[in-house]
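The values are calculated or read from the model by the stated rules, or taken from the named source; none is laboratory data. Just so it is clear, the structure is predicted and the values come from calculations on it, not from any experiment. Using ideal geometry, Cβ is built from the backbone for each residue, glycine included, and neighbour counts are taken over all protein chains shown.
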Amino acid sequence: MAITKKYVAECIGTFVLVFMGCGSAVFLGCAPNGGHLAVALAFGLSIVAMAYVIGNVSGCHINPAVSLAMWMRKKLSTQDFVGYIVAQVLGALVAACLLRLLLLFGLNDQTGGLGSNGVAGAGGSFGALIVEIVLTFIFIFVILGVTSDASKGGVAGIVIGLTLTFVHIVGIPLTGTSVNPARSIGPALFAGGTALIDLWVFIIAPMIGSALAAYSYKCFKAK
């Protein structure tokens, strides 16, 4: 039962992240005159909200890249690592499906692709890979730092949420900011086209960035 609760929590948490984050992009847009910051805050605040709801149930990973780092740090079993990723992708798919359904009622998609990620702003696949690796590295490095100290538990959700916000501020004009394979998979599968063709970048790059952050943090904290 405890295992089921963890997976359900990860599914719900990822649903909220994708629905609110991508939803803000879809219905508000990402224009520099306010929309850009609003979308970044939507993603960050989603993390803050979920951290204080499901953090004590599953750890509030809601991101395969976070789960990979925790697995590498031996804070997550292999069974839970696989279970978390399945639950996270499922939550993202449900959120993307709901956004697609809402568009059927005559609402306009300001992104033209259900808030999916793209490589054009970064100059192509290679540029997008670099951007996503760096942004994910920063995000995961902060997560590992703030969650390793029990005394920071009360503010961890806020710090992580704000970190996700600032990586979005930089990343939105470049790739739309993924740093989360599940967040990219959901919208891309429903948007299709170029978003689906470029999806591999937003699966591989965050996982590489996460692995680098986990290894670097281990070296950084080694006594």
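Residues in region 127-150 that are of a type in the set (A, V, I, L, M, F, W, C) and surrounded by fewer than 20 Cβ atoms within 10 Å (Cβ to Cβ): Ile130, Val134, Ile138, Val146, Ala150. Selection within region 26-42: residues that are in contact with a Pro (Cβ under 9 Å, 6 or more places away or on another chain) and closer than 14 Å to Gly113 by Cβ. The member of this set that is modelled with the lowest pLDDT is Cys30.
Here Ser67 fulfils each of the conditions (1) part of a helix (DSSP H, G or I); (2) in contact (Cβ under 8 Å) with a residue 24 or more places away in the chain apart from (2).
Only one of the listed residues (Ala128, Ala51) is out of contact with any Cys (no Cβ under 7 Å at 6 or more places or on another chain) and in contact (Cβ under 8 Å) with a residue 24 or more places away in the chain. That residue is Ala128.
Checked against (1) exposed (fewer than 14 other Cβ atoms within 10 Å of the Cβ); (2) within 18 Å of Gly21 (Cα to Cα), Ala191 passes all but a single condition, namely (1).
Among the residues of region 200-215, those that are surrounded by fewer than 21 Cβ atoms within 10 Å (Cβ to Cβ) and touching an Asp or Glu at 6+ places or on another chain (Cβ under 9 Å) comprise Ile204, Ile208. Filtered by the rule that a residue be of a type in the set (Val, Ile, Thr) and without any contact (Cβ under 8 Å) to a residue 12 or more places away in the chain, region 185-214 gives a lone residue, Ile197. Applying the selection to region 72-105, what residues are more than 15 Å from Gly59 (Cβ to Cβ) and not in a helix (DSSP H, G or I)? Of everything in region 72-105, those that are more than 15 Å from Gly59 (Cβ to Cβ) and not in a helix (DSSP H, G or I) turn out to be Leu104, Phe105. Residues in region 179-193 that are of a type outside the set (A, V, I, L, M, F, W, C) and not in a loop (DSSP other than H, G, I, E, B): Pro181, Arg183, Ser184, Gly186, Pro187, Gly193. The residue of region 121-141 that is modelled with the lowest pLDDT, among those that are of a type in the set (A, V, I, L, M, F, W, C) and closer than 22 Å to Ala38 by Cβ, is Ala122.
Residue count for region 163-178 under the criterion of being in contact with a helix residue (DSSP H, G or I) (Cβ under 6 Å, 6 or more places away or on another chain) and assigned to a helix (DSSP H, G or I): the result is 7. Leu196 fulfils the conditions (1) of a type outside the set (Val, Ile, Thr); (2) in a loop (DSSP other than H, G, I, E, B); (3) surrounded by fewer than 24 Cβ atoms within 10 Å (Cβ to Cβ) except for a single criterion, (2). Taking Ala87, is it out of contact with any Asp or Glu (no Cβ under 9 Å at 6 or more places or on another chain) and either within 23 Å of Tyr217 (Cα to Cα) or small (Gly, Ala, Ser) (or both)? Against the criterion (out of contact with any Asp or Glu (no Cβ under 9 Å at 6 or more places or on another chain) and either within 23 Å of Tyr217 (Cα to Cα) or small (Gly, Ala, Ser) (or both)), Ala87 does not qualify.
Is it the case that some residue within region 112-124 is crowded, with 17+ Cβ neighbours inside 10 Å and at positive phi? Yes, because at least one residue in region 112-124 is crowded, with 17+ Cβ neighbours inside 10 Å and at positive phi. Ala195 falls short of the stated requirement of being under 18 Å from Leu68 (Cα atoms) and touching a helix residue (DSSP H, G or I) at 6+ places or on another chain (Cβ under 6 Å). Among the residues making up region 58-84, a single one is farther than 17 Å from Ile208 by Cβ, of a type in the set (S, T, N, Q) and within 18 Å of the chain's Cα centre (by Cα): Ser58.
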